[in-house]
Amino acid sequence: MTSNELSSNRLIARALSYVLTVATLGSCLQPLAVYAKDEPAAPTAQTSASQSGDSSDKKSKKKHKSDSAQKSDKNDSSETKDKPETTGKSEKKDKKEKSAKKEKSNKKKTAKHSKSAPSSTGLDQQTLSLINRGEWKAAAERLETIAAARTEIGKPESWLAFAYMFLGKCDPLKELAKKAGISDNPDAPRPDNIHAVEIKAYNEMCQQKLDLADKTLQNIPDTYANDPTVFFALAAVSGKQGKASNAIDYTRQCVDLAPDFAWGYRTIGFLEQRFIKDNKKADEAFARAFEIEPNLKEAAETLIDLRLSNNNFDGALDVAEKALQANPNEASNYYRIAQIFIQQWRLREALDELQSAISIDPNDPRFYRSRASIKRFQGDLSGAIADQTKAVEFGKDKAFELVELANMNLLAGNKTPAIANLQEAFKIDPKNLNTRDKLATLLMSEKRYEDLAALYKQEIAQNPKDAKLHLGYANTLALMDRLDEAVKEFVAASNLDPLDPEPHRSVGSLRIKQRDYSAAAEEFKKALSINPSVSDLVALGYCYALNHDYVEAETALVTSLALQQLTQANTPNAVPTRIQINRSLADLWLTEGRYSDSVVSFEAIYATTKNTSDGPMDNFALSEAKALRDRTASAADALISAYGALNDKQKADNKNAVVATLLKLEKVQNALAIAGDSETDDPNLNLSLAKAARLSKDYSKAEAIASRVVASSKVTAEQKSAAQEELAQIALAQGNIDKADELARKAVESFSKNYEAYETIGRVFMKKNDYKGAIDSALTASKRNPYYANALILLGDAQLASGNTKEASATYRKASELYPGLLEAHKSLLQTLVKLSMKEEARKEEEQIAQMEKQH
């Protein structure tokens, strides 16, 4: 039994390599450019001017003018690099002419409608400026003051009505409608005052009565064809109804009448971009709005985004610089320029801009986050972490900022702070699954299983029917060796998701670790019933092999080869590969005792892996199979040489196997040279030492070692059985037949599949001349393992002793064919051939024996 127990080590290692999963920590970091593009929109409130505002403004203007000139030169050079020179000059000339014409036209419009002239909107310059900047709340408050001092209903009241509607303040709008004398009755006649009509329509829009609003604004008298408020009201209702093209047409008529109405151009740009998807026209409209009002942030930001999306960095920078010139004390203006520089990879200049932004507004998290991204890219991780810590301090979305800080700590190798960051982030935002999963992965990689288990337990309490949570918790418990609890969680996961094979696969893995191979096999069969897979078939094969169910093991492995052949076109790199499965089969045959089959398989494998990292191990396995097949001195020497070529870890993993093989060949001194002669904590190696002592006829030493293995509380049932069988062999060698019989039967009680113990019982029967009992024991041993050579020799001996020479000869012949290097089988066969007077065959057998003895 010892040899089978020893060879199981490699099978267990291979089985676990196929069925156990290992969590890995992937990079959670995004490229720098992504962070630059994904920054949140700037806040609308302006920041107060710094003490050095005037001087910094002059310095900034000079600087950005220089930057823009340099950048323009670079872009011009880049754009014309691969084009004929004449074409490039012509295009530049056309572009300049068009730009000049457009600028001249815009100047005329600006001159005609300058801020000193009254606006066609009917608004005073202060109110118009608030509206043009999109500051509708402040505009509404000013219009309320103006309207309170008036008795008539006019344009100021109409604009106030729109402001209420735009801000969603429907109750004040209803009061304004009452003041304008507008009835709540939808059938009431339309007011004669056109601005009262507009107020009525805005009131209906605010109440989502869009059809009524549309009806209210129908058939406006031609006398109001030059009133921009009428067209803006028509544009508003069309926009609310989803008629973007109509809304754009009405708004264009509005701005034609009121060219100083920047918000009107902004509205056109918004509709063109969002609904018509015409970015070119959107750019033109936003550009006109921005030209009128450089402090309209929405126009500036949208223009920059539109131009960056077309890689028009010059155009984007022009807008950003103009916004900065208009308001040099607005921190977000520097921030915009920094974002453009980041996309151009002008990182040093971007840092300068961010520093300017921070100097003006030191409490904006965006500035620190962007600067942290740049520093991280530049390799200044400590600086990046310091800046991102500031972003956490000032950010409103602290969970987001903490995750970013965790990313930077991870990049710097600060895993403990990263875990703390993620834990805090998840505490703030417990519904963020990305944060949870990232935290779980990191805790797993750091082997902080207690924290990970607590995280899973907390999540399961909130989501008790989430199968994946139960599965993750179960895996964590398994890593903590809380196996019974782990199995319960795996079962819970399986019940919640019966179509997931993973819980069964995981329980199977646990059972292999526990050496409960029958239970493991059942779990893998359940996994296969859900989703047939190559890896599960291989794992099932190993479970059978480790349980000494060799026929079932071979069936599972051969089936996995067939399935792998069918699926490899879709998954060419799937594990296990074909060569790994063939290696598994060769290992099985070696364990089973089918040495010739194992040699053929390992020869094919080694021919493929000879020059790879797997080569030394495959050569060792091949040498082991050859040594057991041929049983020659040269084969034993080759095995020792192959073992010597392994690295230290491989030697440690395969020490038991090589020692057991050398003892089977009765190379005791060679075995002890590798194993040493002192007992260890490894019961398998100690059993080999006991066998070595027995073969050396040092029975007292052999008995002492084997007895200590039997008495140990740390051994498995199979190991205990192997030790009891070794004690039986020792007793038999000393002629103590009754003791040998007792110990061999105890070995069978400890582990019923110990076929070597049945062979020992049969030898006891032979000593007692009970040949029928010997034959029965030999057949039982052969049933447990049809390729066990000693069982065949025992059967032949019993048959011969019973006078069945012909049957004995057939049995010996079978043994010699299965194991061509087994000298004992050939000698026994010769004995029967002589008795049967088969002279020619006997002569050939004598010659073969003589040749074999020379090799031994």
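Some notes on this structure:
- Probe 1.4 Å, all protein chains present, accessible-area order of Met480, Met205, Met838, largest first: Met838, Met480, Met205
- Computed over protein heavy atoms with a 1.4 Å probe, the carbon and sulfur contribution to the accessible area of segment 119-260 reaches 46%.
- Per-residue SASA remark: Glu817, around 130 Å² accessible (1.4 Å probe; ligands, DNA and RNA not included).
- Here's the list of aspartates and glutamates a cross-link from Lys720 could span, going by alpha-carbon distance under 14 Å and ignoring same-chain residues fewer than 8 apart: Glu5, Asp682, Glu703, Glu749, Glu756.
- Averaging the sequence gap over all C-alpha pairs within less than 8 Å and six or more residues apart, then dividing by the number of residues, gives segment 119-260 a relative contact order of 21 percent.
- For the residue pairs Lys513/Lys783; Lys415/Lys610; Lys447/Lys468; Lys438/Lys488; Lys137/Lys375, the C-alpha atoms sit more than 31 angstrom apart in Lys415/Lys610; Lys137/Lys375.
- Residues Lys664, Lys783, Lys827, ordered by accessible area of protein heavy atoms at a 1.4 angstrom probe radius and largest first, appear as Lys783, Lys827, Lys664.
- Based on Cα contacts under 8 Å between residues 6+ apart, segment 676-736 shows a relative contact order of 31 percent.
- Computed Kirkwood radius, in angstrom, where 1/r is averaged over Cα pairs of the chain: 35.6
- Spin-label model distance (nm) - Asn573 vs Asn531, 7 Å beyond Cα toward Cβ: 1.9
- With every protein chain in place, segment 765-855: carbon and sulfur % of accessible area (1.4 Å): 49
- Accessible solvent surface per residue of segment 119-260, calculated while the other protein chains remain in place, 1.4 angstrom probe, Å²: 46
- Split the accessible area of segment 362-478 by element, probe 1.4 Å, and carbon with sulfur accounts for 52%.
- Val255 exposes around 0 Å² of accessible area when a 1.4 Å probe is run over every protein chain in place.
- Probe 1.4 Å, protein heavy atoms only - accessible area per residue of segment 425-480 in square angstrom: 54
- In this structure Arg784 has an accessible area near 80 Å², from a 1.4 Å probe over the protein heavy atoms.
- Cα coordinate range in segment 119-260, projected on the principal axes (Å, largest first): 38, 32, 28
- Accessible solvent surface per residue of segment 679-791, calculated while the other protein chains remain in place, 1.4 angstrom probe, Å²: 44
- Accessible surface ranking for His856, His470, 1.4 angstrom probe, highest first: His856, His470.
The values are calculated or read from the model by the stated rules, or taken from the named source; none is laboratory data. Please read these numbers as outputs of a predicted model, since none were measured by experiment. Cβ sites come from the backbone with ideal geometry, for glycine too, and all protein chains shown count toward neighbours. For the accessible areas, the whole protein counts, side chains as well, though only heavy atoms, and no ligand, DNA or RNA atoms are used. Shrake-Rupley method; radii C 1.70, N 1.55, O 1.52, S 1.80 Å.
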